[in-house]
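In what follows, a structure is listed as structure tokens, so that the remarks can point back to it.
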Amino acid sequence: MSGGILVVGSLNCDYVARVPRMPGHGETLTGSALQIHPGGKGANQAVAAGRMVDASLEVRMLGCVGEDAAGAMLLDSLRGAGVEDGEVQRLSDVPTGSALIWVADSGENSIVVIPGANARLSPDDIRAREPLVWKTRVVLHQLETPLETVQTSLELGQLRRVITILDPAPAQPLPSELLRAVDLLTPNETEAALLLGEKAGPLSVADAIAIGKRLLERGPRAVIVKLGANGAVFVNRLQEFHVPGIAVKAIDTTAAGDTFNGALGAAIAEGMEMPEAVRFANAAAALSVTRHGAQPSVPSRTDVEALLES
Ligand code: RIB
């Protein structure tokens, strides 16, 4: 197999409560089910890339879990999706990261993440694996591991002309120094507004293109603003376009953004042109919201291609 995709990021055990609606302050709600799934934004993206990418390309995960049952479940899930897990460290003195998730009947969710082992992925862990970065085409990042680790990985990738993708989730302000090491930044509406220091709200396509252009001024070479049910827009210095959403019945939006990024990384690593890559990622994300859970909701490449043809 030749070098393909490296995912630097988090692995979480997701504890998911299904609720009729989001609980209010101080309210006790009765839920209908509790499920435990493999999750974490990094591992979700790795699983999506593993299920989507051409078998000739390797997908590898770099991260940390504990020596507990949750860590074992996460490694099993990576392997099941064909992801190389040899660079996921198992730490004995810290638990695997976890996420407490409420999913309402509307499909919306609310998430609290407890980082656990994810907080231990260090810049030195990245530097020690420099040769891995060199032989990779695309490196995927998110923000559930320490920021200095993300920055180290982005800068290494940039130095070696590897394509660096950053999903700026969970939303947080980011220094321009870090954004300058990003080839492709993929915020959703909330994250895009926060990166510009503005109030978040739903965006029209024209607004999203305008926001994308302003984000380019902060350093990344290209920006995709993910618009949920309304698809996504792409902007760089030469090109801008909108890929419309695909009408589906959403039952759980958890990991839709991660599925988008994993599929996008796979498409770019395979050499698809950007409009085709964004359409592919958009279709993968649309299918993911029709299924429950984070990694269990990631579709296969066959399903994505069938949706695109239909
Ligand atoms: O993006 C969805 C993910 O966010 C969940 O799997 C949860 O673990 C949190 O990291």
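Extending 7 Å from Cα along the Cβ direction at D303 and again at K135 yields two label points whose distance is 3.2 nm. Most tightly packed first, judged by the mean number of other beta-carbon atoms within 10 Å of their residues, the peptides 105-113, 280-288, 187-195 read 280-288, 187-195, 105-113. Between K213 and A200, the modelled labels are 2.5 nm apart [label points 7 Å from Cα along Cα→Cβ]. Annotation for the stretch 1-99: trypsin sites (Lys or Arg not before Pro) lying in DSSP loop with at most 15 further Cβ atoms inside 10 Å of their Cβ are R21.
Work out the FRET efficiency for E276 and V248 from their Cβ-Cβ distance, taking R0 = 25 Å, and round it to the nearest 0.05. Efficiency, rounded to the nearest 0.05: 0.80.
Relative contact order of the stretch 66-122: 34 percent, from C-alpha pairs under 8 Å at least 6 residues apart in sequence.
Relative contact order (percent) for the stretch 219-310, with alpha-carbon contacts under 8 angstrom and 6 or more residues of separation? The normalised contact order for the stretch 219-310 reaches 26 percent.
So what is the relative contact order for the chain, in percent, with contacts set as C-alpha pairs under 8 Å and at least six apart?
Values: 768 pairs, mean separation 57.9, N = 310.
Relative contact order comes out at 19 percent.
Using a simple spin-label model with pseudo-atoms 7 Å out from Cα toward Cβ, R291 and E240 lie 3.5 nm apart. Normalised Debye scattering of the stretch 133-235 at q = 0.19, 0.21 Å⁻¹ gives log10 I(q)/I(0) of -0.86, -1.03, counting only Cα atoms as equal scatterers and leaving out solvent. Counting only lysines at least 8 places from K213 when in the same chain, those with an alpha carbon closer than 22 Å to its own are K199, K226. When Rg and Dmax are taken over the Cα atoms of the chain, they come to 17.9, 53 Å. On full extension, the segment bounded by E148 and T30 gains 38.4 nm, given 0.36 nm per residue less the C-alpha separation.
When you count the other C-beta atoms within 10 angstrom of each residue and take the mean per peptide, 126-134, 141-149 line up highest first as 141-149, 126-134.
Read-outs throughout are calculated quantities, based only on the coordinates presented, and are distinct from any laboratory measurement. These numbers were taken from a predicted model, which means no experiment stands behind them. Cβ atoms come from the backbone with ideal geometry, glycine included; neighbour counts cover every protein chain shown.
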